[in-house]
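This report concerns only the one structure given below.
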2 protein chains.
Amino acid sequence: MIRLGVYAPDGAPEVMPGDDLVGLVVALTELADGDVLVVTSKVVSKAEGRIRRGTRDQALPGETARVVARRGETSIVRNHLGLTMAAAGIDASNVLPGHVVLLPEDPDRSARDLREGIHAQTGLNVAVVVSDTAGRAWREGQTDIAIGAAGLVVAEDFAGRTDAHGNELAVTLPAVADEIAGAAELATGKLGGRPFAVVRGRADLVLPAGEHGPGAASLVRADGADLFGYGAREAVVRALTGAEADRRPFGAPASADELSAVILRATGLHTSHTRAGGEGLLVTTPRGLTRAVQALAFAHGWVAGTTDAAMELRLRPAAY
Amino acid sequence: MIRLGVYAPDGAPEVMPGDDLVGLVVALTELADGDVLVVTSKVVSKAEGRIRRGTRDQALPGETARVVARRGETSIVRNHLGLTMAAAGIDASNVLPGHVVLLPEDPDRSARDLREGIHAQTGLNVAVVVSDTAGRAWREGQTDIAIGAAGLVVAEDFAGRTDAHGNELAVTLPAVADEIAGAAELATGKLGGRPFAVVRGRADLVLPAGEHGPGAASLVRADGADLFGYGAREAVVRALTGAEADRRPFGAPASADELSAVILRATGLHTSHTRAGGEGLLVTTPRGLTRAVQALAFAHGWVAGTTDAAMELRLRPAAY
């Protein structure tokens, strides 16, 4: 039987820049060899002074490596850590109003520092996970994931192992660091006050003292190695117009003037404005360009239908 | 303090179609009111007779609602449950060689049946999660998620709640059902023999007896509501060529003949084959079509460069 325990102590004070997290963890938890300590990135960021005055929108450009998708108010970006997250992982909760918390600069390093500090102070060999909350491409809601890790097998590799029936488990790679972060979230919650959780019962995942392992960075797919590096609309615009796609706002349909300019730039075709049946654009396309204009319209939140006149496309904003 | 316990008993026999899962769970676990029982979809599927002779590739078309992305041997599809998964969630592990296990037909119903059966047999009010293993768009490895649930608050809604600083937690929606499934995986593992886990300590997430809640189906983003309904290449091809994109194989670059046919169909332009410097295609494009041809090439795993001749594009397969 495998038996796990997860607990999150109350009583953590508000953490300020420069605070001694190691001392706080040791005082609040009852760690044992082989435990995994999970610390929310929020409290690590606060101790590391990663608080900024302003809004998420103001902090976003500095945290963005590239925009992955935008729709309405939502910006999903790949940040400098390679994490694809809404608003780059910048958080405006559990911080003084008018301020935001940036992610730790190097969460794997933060985890290593905590692991080494705990070992120095207590002699204990515990693994450390720095957790943060992330949305998922195809599922509602968020789960906590490991954005930093030290001393932990972050993914169990079953390559070469076989199940009881003799089948190879080649592609099975449980991201246990993320599952540990998620389990810890069940205990820490979202209302603040419990930034630490201890997961006990998987000492087999904890590396020997002094060995830090690959860290949570190893769970990030390399840029270009995923199939979902851009939202569907963004991918189309990139393919048709190149790098400018990264700078285009997505959300409500583009204005008629914007789309008109994009079509001219990409295809050389001129459009005319129409007001009949709502705002629209008309464009006469040589047969070979029809698809390209339709694609550009689609990518800018418009839809294209044909008119009675041959070769003529009628474009109108899509319902949003 | 919040304290969770997770345990997964050994000793489960190989489950066969028609087996009594309720009796097995009651015999193997020591359930209490407010527990969450997590059952792997594998064992539910086996009890429900969802085993088929053949390979994953053979079973895939029947399980596919639509293809999301393909690359090489990998097919990521949205299945009839709305789950976006590699190979639609069809599994060839922990089953007799030459057979595959399909997901339960309606995992929320399976969870309800188990919950009701346990209540009828023991009088206990436990929530039930049916778990399966899923990859993520931007992260390596897999985690277990809830594909079925009964009697459980699957996502904690913080809308209207405020943190200790008075900030609204409007967009925070922890998908606790998925975190519970992940925590259970840490105890059940991947080698078979431990298909059940019990998570104790979050009785606040368990609904009153007789209330089953929204189920895990409520965690699936509606088709079209996500920004990543297609892989980047697939999105481009769909936009340019319409529905046929769903049927095109992605992976290694398309053959020159295939790409030639696509360009002709989409743009009306004829290409000529070239062998100079490796396999390639040459196409003379009117200025307005250059972007469209480049996009089609990109979407089919090719890259486009210009030649010395004005208006001429040289296409070649991308390094794969």
(request) Tell me the label-point distance for the pair A:ILE51, B:ASP257, using the 7 Å Cα-to-Cβ offset, in nm and rounded to one decimal. (result) 6.8 nm
(message) Counting only pairs 8 or more residues apart or on different chains, how many lysine pairs in the protein assembly as shown have their Cα atoms under 23 Å apart?
(response) 4
(request) Once the label point is placed 7 Å from Cα along Cβ, list for A:GLU73 the distances to the corresponding points in the other copies, in nm, shortest first. (result) 4.6
(message) Using a Gaussian network model on chain B with a 10 Å cutoff between Cα atoms, which of B:SER131, B:SER93, B:SER41 fluctuates the most?
(response) B:SER93
(message) Placing +1 on the Cβ of each Lys and Arg and -1 on the Cβ of each Asp and Glu in the protein assembly as shown, which of A:ALA256, A:ALA137, B:ALA159 has its Cα farthest towards the positive end of the resulting dipole?
(response) A:ALA256
(request) Compute the FRET efficiency between A:ALA164 and A:ASP33 as 1/(1 + (r/R0)^6), taking r as their Cβ-Cβ distance and R0 = 41 Å, and round to the nearest 0.05. (result) 0.85
(request) Would you give the gap between the C-alpha center of region A:76-125 and the C-alpha center of region A:6-30, rounded to a whole Å? (result) 15 Å
(message) Run the label-point distances for B:ASP257 please: 7 Å along Cα to Cβ, every other copy, nanometres, shortest first.
(response) 5.1
(request) Taking the Cα centre of chain A as origin, sum charge times position over the Cβ atoms of Lys and Arg (+1) and Asp and Glu (-1), and report the length of that vector in debye to the nearest 20. (result) 1340 debye
(message) Can you compute the modelled spin-label distance between B:ALA209 and B:MET16, with each label point 7 Å from Cα toward Cβ, in nm?
(response) 3.3 nm
(message) Measuring nothing but label to label, 7 Å from Cα along Cα→Cβ, what are B:GLY54's distances to the other copies in nm, shortest first?
(response) 5.6
(request) Only helical DSSP H runs with n ≥ 4 go in: add -39500 (n - 2.57) per run for chain B, normalise by residue count and round the 222 nm mean residue ellipticity to 500 deg cm²/dmol. (result) -8000 deg cm²/dmol
(request) Work out which helices of chain A, taken as complete DSSP H runs, extend at least 15 Å along their axis over the Cα atoms and score a mean Kyte-Doolittle of 0.5 or more, then list them. (result) A:176-188, A:256-267
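Bear in mind that the values in this text are calculations on the coordinates, not laboratory data. It should be emphasised that the depicted structure is a prediction, and the values quoted were computed from it without experimental measurement. Reconstructed Cβ throughout: ideal geometry from the backbone, glycine too, with neighbour counts over all protein chains shown.
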